[in-house]
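Structure, as C-alpha cells:
Just so it is clear, none of the values below were taken in a lab; they were calculated from the coordinates. The structure displayed is predicted, hence computed values, not measured ones. Because the Cβ atoms are built from the backbone with ideal geometry, glycine has one as well, and the counts that use them run over all protein chains shown.
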Amino acid sequence: MAETVVPSRNNRRITARKACLLTVRYRANGDWRPATAMDLSPYGCRLRVGEDVDRGSVVSVVFEAPIQDGARTAAVEVPGTAIWARLEGLSYQIGVHFEDSPMGLLKILSVLS
C-alpha cells in the first residue's frame, strides 16, 4: 500500500500566543484608536480593529496589564508591523509582529497565565 504524502507547513511563530481579550490602543497611519487584543505573545498579537489596515503598515500598540491586587501597571507601547489583515464579520482583524519584546509586555503576559 502506498503512503500518502502530506505537505507540511512550517510554523512561523517563535512562541505560542495566549488567548486574551484586552482593551488596547493602536496607531496605524495617524491617530490612536481603540482595539481588542485577541491573543498575545512576546513577538506578536492579533487585534480586532474597526478599520482596514494595510499589510506592511507600521503599527504601535499600547497595552496595560489587567488590574491585579488593586494596582494597574504602567502602559507599554510596542511597535510592530501588520503582517496580515482580514475582514471578520463587521470588524477587521490584523496580525501584528513585534521585533522586540519589552519587559513591560512580558509582565502583561505573566498576568495572563
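Between the beta carbons of Ala16 and Leu87, assuming R0 = 35 Å, the FRET efficiency works out to 0.85 to the nearest 0.05.
Full extension of the chain between Ser110 and Ser57 gives 16.3 nm of extra length, using 0.36 nm per residue less the Cα-Cα distance.
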